[in-house]
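A.B. asks: Can you keep this structure in mind? I'll have questions shortly.
The values are calculated or read from the model by the stated rules, or taken from the named source; none is laboratory data. Source: prediction; values computed, not measured. Here the Cβ positions follow ideal geometry from the backbone for every residue, glycine too, while neighbour counts run over all protein chains shown.
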Amino acid sequence: MSNLLIHIAVRYGTRRMLVHTSACRYTVDRLKGRLFRVARVSRRSRTYDDDKIDEARAMAEYGLSLQQLADLPKHAQKAFPHRPSYTLYSLNDVYNRALKVHGSGKAMHEKRRMLIDMRHKLSDSERMRLRMRVEAQNQTTRGADRVVVIAFTLNLCDTIGKFTAAYLTGSKSLFAEAIHSTMDTVNQLVLLTGIRFSQRNPDLNFPYGYGNVRYVSSLITGCGILSFGCGLSMYHGISGLLHGDALEPLTYAYYALFMSLLFQGSSVITAFREARRKAAAARISLVNYVRTTADPSLNVVLLEDSAAVIGVAIALSAVSLSSIFQSPVPDCCGSILIGCLLGTVASFIIRTNAAHLVGRSLPKRITDDIVCRLENDPMIRSVHDVKATALGVEQSRFKAELDFDGRAITNKYITESCYIQAMIQQSFLDRSVTSKEGSSKNASDIDEAVCA
């Protein structure tokens, strides 16, 4: 390493900072043996038996001090040639000493650091997959799953009633609504498949899990609404204007539309309550919750059923006007309006889910909160190059470059882990032993000289 880049940050207020960069050249000869000596040694793996534990691990994992380890049997082991040896203890001795010091096994385990004993067994990717698996088992997708199941059941009943009434009356608006309900039923089946697939555990091929499958299924749903729902409704309405047919008695149409209003109203109320509950838990408004696609399956059901209620109102108005004026034109115009409504909803669903799959950033409020917490840490000087994206419905990724305060970290390490008093006492003991050995050697030399 011939160049060392030093970043000097000067703060202006709480949000702005001016960064000056200067290059300071250090030769390799000056770095050798001075900088990063401890880091280079610590990176090298130490191998020893499983029934042994080194001094640092014994202190960190069992909460023991050097004084408490002093009278335990020691085993010196050479790490590498031309390197000083390090001290090993028997794991059984350290465990028994920790039980004696802390009083009980429960108290000892409370003092031990979480998951320290797994770090030498699990790689970074394995630890990440373990964490993602635990989070996947605790997902809060039950609310969305229940809403989708209810919507699927109600839309299936609604579809059968609308197709029956459209066949008996020949209403274009009612046929458009039947197509709308059919697409809603198929789309909710796709959403259910996506929800179930997204709950699979992370694996080697997909270490971050399958959470984005829910966005993929919502995107497929939007494309289906746009192509079949919007396209067929507008085509049927335009063909009715060009080749108008007389309407049959509309009694069945009114029955079907009122039943549809009951079904779709029940579904949209269920979705609205669930979305409002999750928005309140996330501390954002319902509109922002829908716009950020926090839960794509729930949002699709809410938007589809809201559009269905509006579509039923349009179809009811169009059928009533056609019955009053005895003309198929209002009915055909209602079919075209329903197609436009479906196209608008589908475009919104496609745009929001595609933005998330591309890698949309987290809301600025969340990112600013994380950055503020990092900057308030006394060990961190400044935070740069922040990037935060969502990995799924309940996981996010946050990346930032941190400028650590080396002096503060060193002081904290010395204060909490180095046991200065014990080190000083050990130094004096070593010095006294050395001086005694030297004095005894000098005395023996004097005796030999006198005898000579």
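A.B. asks: Within the stretch 223-238, does at least one residue satisfy the condition of being surrounded by 24 or more Cβ atoms within 10 Å (Cβ to Cβ), hydroxyl-bearing (Ser, Thr, Tyr) and within 19 Å of ALA151 (Cα to Cα)?
C.D. replies: Taking the stretch 223-238 first, the residues surrounded by 24 or more Cβ atoms within 10 Å (Cβ to Cβ) are 225, 229-230, 233, 237.
From what's left, hydroxyl-bearing (Ser, Thr, Tyr): 233.
From what's left, within 19 Å of ALA151 (Cα to Cα): none.
Checking the stretch 223-238: not a single residue is surrounded by 24 or more Cβ atoms within 10 Å (Cβ to Cβ), hydroxyl-bearing (Ser, Thr, Tyr) and within 19 Å of ALA151 (Cα to Cα).
Conditions tested, residue by residue: (1) of a type in the set (D, E, K, R); (2) modelled with pLDDT of 85 or more.
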site: THR221; (1), (2): no, yes
site: LEU232; (1), (2): no, no
site: THR270; (1), (2): no, yes
site: ARG283; (1), (2): yes, no
site: ASN288; (1), (2): no, no
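A.B. asks: Out of SER306, SER297, SER335, I need the residue that is under 29 Å from the mean Cα position of the chain (by Cα), in the same structural domain as ILE179 (by TED's automatic domain parsing) and not in a loop (DSSP other than H, G, I, E, B). Which one?
C.D. replies: Being under 29 Å from the mean Cα position of the chain (by Cα), in the same structural domain as ILE179 (by TED's automatic domain parsing) and not in a loop (DSSP other than H, G, I, E, B) holds for just one of SER306, SER297, SER335, which is SER297.
A.B. asks: Ok, one more. Of all residues being at pLDDT below 85 and among the hydroxyl-bearing types (Ser, Thr, Tyr) in the stretch 163-198, which is farthest from VAL148 (Cα to Cα)? Just the residue, please.
C.D. replies: THR169
A.B. asks: Could you look through the stretch 169-206, keep only residues that are part of a helix (DSSP H, G or I) and of a type in the set (Gly, Ala, Ser), and pick out the one that is nearest to LEU316 (Cα to Cα)? So that I can check it myself, show each step before the final result.
C.D. replies: Here is the first cut: in the stretch 169-206, the residues part of a helix (DSSP H, G or I) are 169, 172-198.
Of the ones still in play, those that are also of a type in the set (Gly, Ala, Ser) are 173, 176, 178, 181, 194, 198.
Details: SER173: 8, ALA176: 12, ALA178: 13, SER181: 15, GLY194: 34, SER198: 39 Å.
In this case the residue turns out to be SER173.
A.B. asks: Which residue out of ASP124, ASP50 is surrounded by fewer than 11 Cβ atoms within 10 Å (Cβ to Cβ) and either modelled with pLDDT under 55 or within 30 Å of PHE206 (Cβ to Cβ) (or both)?
C.D. replies: Working: ASP50 fails: either modelled with pLDDT under 55 or within 30 Å of PHE206 (Cβ to Cβ) (or both).
Just one listed residue meets the conditions, ASP124.
A.B. asks: Something else: Search the stretch 386-401 for residues that are modelled with pLDDT of 80 or more and pair each with any residue that is part of a loop (DSSP other than H, G, I, E, B) and of a type outside the set (Asp, Glu) when their beta-carbon atoms are under 7 Å apart and the residues are at least 6 apart or on different chains.
C.D. replies: Qualifying pairs under 7 Å: ALA388/LEU362; THR389/GLY359; THR389/ARG360; THR389/LEU362; ARG397/LEU391.
A.B. asks: Among all residue pairs at least 6 apart or on different chains, which show Cβ distances below 6 Å where the first residue, located in the stretch 223-237, is under 14 Å from ALA178 (Cβ atoms) and the second is buried (at least 18 other Cβ atoms within 10 Å of the Cβ) and among the basic types (Lys, Arg)?
C.D. replies: HIS236/LYS172; GLY237/LYS172
Residues checked against (1) within 25 Å of TYR167 (Cα to Cα); (2) in the same structural domain as ILE179 (by TED's automatic domain parsing); (3) touching a strand residue (DSSP E or B) at 6+ places or on another chain (Cβ under 6 Å); (4) not in a helix (DSSP H, G or I):
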| site | (1), (2), (3), (4) |
| --- | --- |
| TYR254 | yes, yes, no, no |
| LEU257 | yes, yes, no, no |
| LEU261 | yes, yes, no, no |
| ALA279 | no, yes, no, no |
| VAL287 | no, yes, no, no |
| ALA318 | yes, yes, no, no |
| ILE324 | yes, yes, no, no |
| SER327 | yes, yes, no, yes |
| THR344 | no, yes, no, no |
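A.B. asks: Quick one: VAL309 ticks every box in (1) under 26 Å from ILE195 (Cβ atoms); (2) surrounded by 21 or more Cβ atoms within 10 Å (Cβ to Cβ) except a single one, so which number is it?
C.D. replies: VAL309 satisfies all of (1) under 26 Å from ILE195 (Cβ atoms); (2) surrounded by 21 or more Cβ atoms within 10 Å (Cβ to Cβ) except (2).
A.B. asks: For the stretch 64-79, indicate whether the set of residues that are modelled with pLDDT under 65, at negative phi, surrounded by 13 or more Cβ atoms within 10 Å (Cβ to Cβ) and not in a loop (DSSP other than H, G, I, E, B) is non-empty. Break it down stepwise before answering.
C.D. replies: To start, the set of residues in the stretch 64-79 that are modelled with pLDDT under 65 comprises 77-79.
Checking which are at negative phi leaves us with 77-79.
Imposing the further condition that a residue be surrounded by 13 or more Cβ atoms within 10 Å (Cβ to Cβ) reduces the set to 77, 79.
Remaining after also requiring not in a loop (DSSP other than H, G, I, E, B): 77.
Within the stretch 64-79, one or more residues are modelled with pLDDT under 65, at negative phi, surrounded by 13 or more Cβ atoms within 10 Å (Cβ to Cβ) and not in a loop (DSSP other than H, G, I, E, B).
A.B. asks: For the stretch 317-369, what are the residues that are basic (Lys, Arg) and either farther than 19 Å from ALA390 by Cα or at pLDDT below 85 (or both)?
C.D. replies: Of the stretch 317-369, the ones basic (Lys, Arg) are 351, 360, 364-365.
Listed by number, the residues that qualify are ARG360, LYS364, ARG365.
A.B. asks: More than 23 Å from TYR167 (Cα to Cα), crowded, with 18+ Cβ neighbours inside 10 Å and of a type in the set (Lys, Arg): which single residue out of ARG214, ARG200, ARG196 fits that description? Break it down stepwise before answering.
C.D. replies: On the way: ARG200 fails: crowded, with 18+ Cβ neighbours inside 10 Å; ARG196 fails: crowded, with 18+ Cβ neighbours inside 10 Å.
On inspection, the qualifying residue turns out to be ARG214.
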